[in-house]
1. Can you list residue pairs whose Cβ atoms sit under 8 Å apart, with the first residue in region 21-49 being at pLDDT below 85 and the second being small (Gly, Ala, Ser) and exposed (fewer than 13 other Cβ atoms within 10 Å of the Cβ)? Count only pairs 6 or more apart in sequence or on different chains.
2. Grab the strands (runs of 3 or more DSSP E) fully contained in region 420-534, keeping just those with 1 or more residues being modelled with pLDDT of 90 or more, under 30 Å from Thr408 (Cβ atoms) and of a type in the set (S, T, N, Q).
3. Among the residues of region 373-422, how many are among the small types (Gly, Ala, Ser) and without any contact (Cβ under 8 Å) to a residue 12 or more places away in the chain?
4. Output the residue which, of all residues in region 109-156 that are of a type in the set (Ser, Thr, Tyr) and more than 27 Å from the chain's Cα centre (by Cα), is nearest to Trp539 (Cα to Cα).
5. Identify, please: which residue in region 265-292 is under 21 Å from Arg330 (Cβ atoms) and surrounded by 18 or more Cβ atoms within 10 Å (Cβ to Cβ) and is, among those, nearest to the chain's Cα centre (by Cα)?
6. Answer yes or no as to whether Phe658 is surrounded by 15 or more Cβ atoms within 10 Å (Cβ to Cβ), at pLDDT below 70 and within 58 Å of the chain's Cα centre (by Cα).
7. Taking region 291-334, which residues are at pLDDT 90 or above, of a type in the set (Gly, Ala, Ser) and out of contact with any helix residue (DSSP H, G or I) (no Cβ under 9 Å at 6 or more places or on another chain)?
8. Please go through region 381-403 and give me each residue that is among the hydroxyl-bearing types (Ser, Thr, Tyr) and over 18 Å from Ile275 (Cβ atoms), ordered by number.
Amino acid sequence: MTLQRALRVNTRVLTGIAFSTLAGTGKLSLPLVVMGFISLIMSAGQEWKWGAGRPKFRLSQAGWNGLLIVACLAVVGDFLWGTRNILQSSLYVLVFLMANKLLTLTRLKDIPQLFVIGFMEFLAAAVLTVDLWYALAFVVYLLTAIWALLLYHVSCETVQKSGNVDETCLSVTPVPFTTRFFWTTNAIAIAALAVTSSIFLVMPRTGFGFFQKSQGTPIRTSGFSEKVDLGVIGAVKQDPTLVMRVQFPDIEGEPSERVYMRGATFDHYTGQSWINSFSRRRVVAKTEEGVFEVAKKSAHRRGPRVIQEILVEALDISVLFGLPVAAEIRGPFTSVETDAMGGLWLTQPLPGRLQYSVTSIPHYLSIEDREGDLSQYPAEGTSRFLQLPPMGPQVRELAQAMTMATTTPHGMAIAIRDSLLRNYQYTLDVGAHRSDSPLDDFLFTRKTGYCEHYATAMVILLRTLGVPARLVTGYFASEWNNFGHYYAIRQQDAHAWVEVWFPRSGWITFDPTPGTAKESSNPFLKQMGSFIDSFRLKWDRFVIHYNFSDQMTLAKGLKQHSDSVREWVSRGLYSLELRDWTFHEGGSTSVPVTIWLYLMGIFVCGLVGIYALWLRARRARFTPVKRHVHGIRMYERMLKLLTTQGFEKSPNATPYEFSQRIMRECPPAGPMVQALTELYYHTRFGQEPFSPCDLQKVEQLLTHLATVWKPGSQRA
């Protein structure tokens, strides 16, 4: 393959990668996608001469200009009456320009224009998606772009050297594509990838991105509004869509306790739905460090802190999830609100993914509350959590039957929970019939249901006995990723459970819903899925959401690591100095070990230096002559000889241009000067060996060149 054809093919491949990446975001309309791929296929057909002999479709420049005007009008119309997004509207013109240049790729100056168009498409794709597949597309695009730029540069040099009148032509004299050029270009591409990665790590961060918009349609969730009908969570229990990932940076491995990501809390039951009667919210105070303090600092000492790093997908709700009870929260939002039951809310759903951290202080049941009776509850302050809907006496009778063997609130909660787990069956198939009393149907008729039925039943049964309780919705984490050390939480993990209030311990979690056995899957596929999802999390964490705080953390980590290494070395050398080596030769002499280490280092360095000198001498012995030094000296001798005859080389002229001048002004000397110039190029830039045969040839050429101006020659 020649360099020119390699350039044409690489340019089309580079453009195809950029357009495919843009089309993969799903933000291009179907006509644009079809037009772009058709132009790529037709351009490839022109390169490989598909359909040779058939009539070809060609459009005049006026026709292309007319289509460009139509594309611009389409942009204006789409921006004013369509998407109202200048970025997506501009894609019409960008794709049209790409098709134009692909189908008229005949000149060398069209190549950089396609480079710019492809780069703009790839940049637009970076704005329109944050998915993991873009990482692979980025690496492929970067390596291909380096190839394209190098090929373009070499092709420009070839055109200039050929002396072609039309230097914009893309089909000049073919130049072979060597293996050495192939591997050198690959090495440059890999080095460029490493350099760009380093620049990415140290480049200052100012924000999440000016053009960052919503990444697709938000995931529809249920059970997290101020009113939740009984049965809405069951509708999403079959949906495997990933909604969030939760890491515990201070815990090694999987947490030992069950993880309930608390979302919304409800206190009032109407018989058909749950309502949050504490609708009034307050704004959480924000410190100078950007921390939202949900609880006062005095309350932080109640128990151990549990930190969660949470990455939430684009959801259609404004709830912030976290382990109970949240004390602090950090994230890229300006305001956080909380209600009287500890729920965390944003003022509106954020577009796109959201990453934040929550510091929680879990409540644990004290011994006094475990053994105390109903008399310990205050007369005021708990009435909201004892509210009951209109119902028959059979519910109270059932609650009393379940708790006959205990008189403590904790014992009642345990007894009701265990009775529900033991005597009722979990199922998502509860029929389409909407009952006037879904709780009675669950407790006395069907005795089957899902988490909302179990949680509602336990809350109401406890309230009939005078124990304050409330219903909580959120997610129960059950899928642990061993590769990334985090929980992957899906829509099917949506859950409802119970919180029971104790005077000294606060709200304690109880889950009366029986566990369900998940469908078995291929272990290998499951491991591969976990690995890919772990890599996807790292891509989002350390690329998409990489910020100034991460840079500072990285810098501090490197400094601490270097300090620890230096301290370890110093401590090791100091300990060695305490031990002396003693030699007994007519006396006792103590020499610190560090001195011997220094001497040993000098000895090793000396051996390395001697080996390097020997290797250099060996190369000089078996290498005929220096490659480029003699070439430069030879060319300087030729220039000196030509200067004495009035042919002085201009500093602005290249060696090739100077040889062409000698060919025109002094034809007898032209062949010798051209031959010497070619030898100079080969040794100076091509790094080809300068053998003794070349030296003999140079001497002959210089001798013949000197005889051109002797009396009797043609010049004379």
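The values are calculated or read from the model by the stated rules, or taken from the named source; none is laboratory data. What you see is a predicted model; the values in this text were computed from it and never measured. In this analysis, Cβ positions are derived from the backbone assuming ideal geometry, glycine residues included, and neighbour counts consider all displayed protein chains.
1. Qualifying pairs under 8 Å: Gly45/Gly51.
2. Of the strands (runs of 3 or more DSSP E) lying wholly inside region 420-534, those with at least 1 residues that are modelled with pLDDT of 90 or more, under 30 Å from Thr408 (Cβ atoms) and of a type in the set (S, T, N, Q) span 469-477, 506-510.
3. Going through region 373-422 one residue at a time, the tally reaches 7.
4. Checking each candidate, the answer is Tyr152.
5. For region 265-292, the residue satisfying everything is Phe292.
6. No; evaluated as a whole, the condition is false for this residue.
7. The answer is Gly322, Ala326.
8. Of everything in region 381-403, just one residue is among the hydroxyl-bearing types (Ser, Thr, Tyr) and over 18 Å from Ile275 (Cβ atoms), namely Thr403.
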